[in-house]
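The values are calculated or read from the model by the stated rules, or taken from the named source; none is laboratory data. Owing to the predicted nature of the structure, the values given are computational and were not obtained by experimental measurement. Cβ placement follows ideal geometry from the backbone for every residue including glycine, while neighbour counts extend to all protein chains displayed.
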Amino acid sequence: MVNGPWQTALAQLDHVSEIMMLPDSVHQLLRNFDRILTVSVPILMDNGSLRVFNGFRVQHNASRGPYKGGVRYHPELTLEDLQALAMEMTWKCSLVGVPFGGAKGGIICNPKTLSKAELERLTRRYTYAIMPIIGIEKDIPAPDINTNEQIMAWMMDTYSINNGYCTPGIVTGKPLNIGGSLGRKDAAGLGITFVIENVIKNMKMELKGLTVAIQGYGNVGSTVGKFLYESGCRIIAVSSSKGSVYNPKGLDHHALIRYYKENGSFEHFPYAESITNETLLELPCDVLIPAAMGNQITKKNAGKIKAKILVEGANGPTTPEADHILAERKIPVIPDILANAGGVIVSYFEWVQDVQCFFWCEKEINTRLKNLLNQAYEEVLHVSHERGFTLRTAAMILAIKKVADAISVRGIYP
Ligand code: GLU
């Protein structure tokens, strides 16, 4: 059997449940889902034909609060991917103390081949189809791969129209003028930067001159790139789905963004060598940040990673076999549920602001974000040192414990 993200998610849960000696009943409950909804999403294409897409919303566990998680549009999306991602949202929210459970949704589609009008119809019909199971206090969607503020605005509008009144808190990651939050757009990238600052300090290294390779210079990757570049790090390699560029002396973040806007890829970017995405992962550097898709660091390349630290910007980029190899090679892996939790943390702040109809300034948001991430990092580090676990195992133990405690104190109905 090919090991995909779902097998990875289960293997991680099983491993940690055993360490924790989690009661079998709770373990079984956490291996399963509260609800999985499959919907068909028929839309009229611009040429008048009808096309039916497949969409999903997976709700993993709501013991600690309403379901929360992104909506992904991708041609190769599978239900199993969404199961893994929904489960991961449960752990992520729990670890950083955000009172939500885990969910994830998506549509199997290639948004790059759709017109804006088709994308809008697709989004609205999908929202309508999942309406029975979402709600401000039920399940709050957000952006993920290939979804953005505009898509959140359409989701919010569709829900509001059908609900009978304006309901900004139904999604997070919305535009500012309809109840979005300051700082949400940069939150995942800024959060990764805060976590890297902590790790670097702990390893007695300095940000200035730190060499960084980033796989995936999209929303999350380029935001980390911007913050690290501005802090004096050397961004030596970046990639898009069409290939990577490398310059050991460092790349100019702003020039990269300008070039990508004009050319739609980094191919032939001046003053840099073109390399493959596989080579990027194996470059000598201080920090490697996989910030694209899942399952990128596998048993095939884990032995060849030359980075001193691996920071998971993407969800699920490292397989359990690769984790094992990296642990043996003493390369610390900062797990996704900690590293990229900034996005959902500020989503939580956005939701709180929407519910209160009272909005905070960006400084307050970023300070609160930093506090939550610093606290989670300290806790993870403490468990890791005290019990000799990898950072991932420590993070999972902390996260699963809070969910298991919530299940236990609430009990099973009826
Ligand atoms: N899609 C993001 C994640 O995977 C954000 C989810 C959210 O804000 O609800 O963490």
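Couple of notes before you dig in:
- Checking each residue in region 35-48 for being touching a residue at least 60 places away in the same chain (Cβ under 8 Å) and in contact with a Gly (Cβ under 9 Å, 6 or more places away or on another chain) picks out 37, 39, 40, 41.
- Boolean, residue 199 is touching a residue at least 40 places away in the same chain (Cβ under 8 Å), surrounded by 18 or more Cβ atoms within 10 Å (Cβ to Cβ) and touching a Leu at 6+ places or on another chain (Cβ under 7 Å): no
- Figure legend. Inter-residue proximity from region 119-143: first residues assigned to a strand (DSSP E or B), second residues within 15 Å of the ligand (Cβ to nearest atom) and aromatic (Phe, Trp, Tyr), beta-carbon distance below 7 Å, spacing 6+ or different chains. Indicated pairs: 139/67; 140/351.
- Residue match in region 379-399 (condition: part of a loop (DSSP other than H, G, I, E, B) and over 25 Å from residue 189 (Cα atoms)): yes
- Condition check for residue 339: small (Gly, Ala, Ser) and crowded, with 20+ Cβ neighbours inside 10 Å: yes
- Residue within region 130-152 that is of a type outside the set (Val, Ile, Thr), touching a strand residue (DSSP E or B) at 6+ places or on another chain (Cβ under 6 Å) and either more than 16 Å from the ligand (Cβ to nearest atom) or at pLDDT below 95 (or both) present: no
- Taken together, the residues in region 318-351 that are of a type outside the set (Gly, Ala, Ser) and farther than 17 Å from residue 70 by Cα amount to 16.
- Any hit, region 158-166, residues being away from the ligand (no atom under 12 Å from the Cβ), without any contact (Cβ under 8 Å) to a residue 60 or more places away in the chain and on the phi > 0 side of the Ramachandran plot: yes
- Failed item, numbered, when residue 71 is tested on (1) surrounded by 19 or more Cβ atoms within 10 Å (Cβ to Cβ); (2) away from the ligand (no atom under 16 Å from the Cβ); (3) over 30 Å from residue 384 (Cβ atoms); (4) among the β-branched types (Val, Ile, Thr): (2)
- Within region 93-118, restricting attention to residues that are free of Cβ contacts under 8 Å to residues at least 60 places away in the same chain and more than 16 Å from the ligand (Cβ to nearest atom), the residue that is surrounded by the most Cβ atoms within 10 Å (Cβ to Cβ) is 109.
- So residue 300, is it of a type in the set (Lys, Arg), surrounded by 17 or more Cβ atoms within 10 Å (Cβ to Cβ) and modelled with pLDDT of 95 or more: no
- The lone exception for residue 231 - which of (1) over 18 Å from residue 277 (Cα atoms); (2) hydroxyl-bearing (Ser, Thr, Tyr); (3) crowded, with 16+ Cβ neighbours inside 10 Å it fails: (3)
- Among all residues of region 138-147, there is none that is surrounded by fewer than 18 Cβ atoms within 10 Å (Cβ to Cβ) and within 19 Å of the chain's Cα centre (by Cα).
- Any pair with Cβ under 8 angstrom, 6 or more apart, that starts in region 399-414 at a residue that is within 19 Å of residue 95 (Cα to Cα) and in contact (Cβ under 8 Å) with a residue 12 or more places away in the chain and ends at one that is of a type in the set (Lys, Arg) and buried (at least 16 other Cβ atoms within 10 Å of the Cβ): 399/92; 402/64; 403/64; 406/64
- Counted residues, region 264-282 - those being aliphatic (A, V, I, L, M) and either over 24 Å from residue 190 (Cα atoms) or touching an Asp or Glu at 6+ places or on another chain (Cβ under 9 Å) (or both): 2
- Screening region 213-321 for strands (runs of 3 or more DSSP E) wholly inside it with 2 or more residues that are within 28 Å of residue 83 (Cα to Cα) returns the ranges 234-240, 287-290, 309-311.
- Just one of the numbered conditions (1) buried (at least 16 other Cβ atoms within 10 Å of the Cβ); (2) touching a Gly at 6+ places or on another chain (Cβ under 6 Å) is not true of residue 245: (2).
- Residue 51 falls short on exactly one of the conditions (1) free of Cβ contacts under 8 Å to residues at least 24 places away in the same chain; (2) crowded, with 21+ Cβ neighbours inside 10 Å, and that condition is (2).
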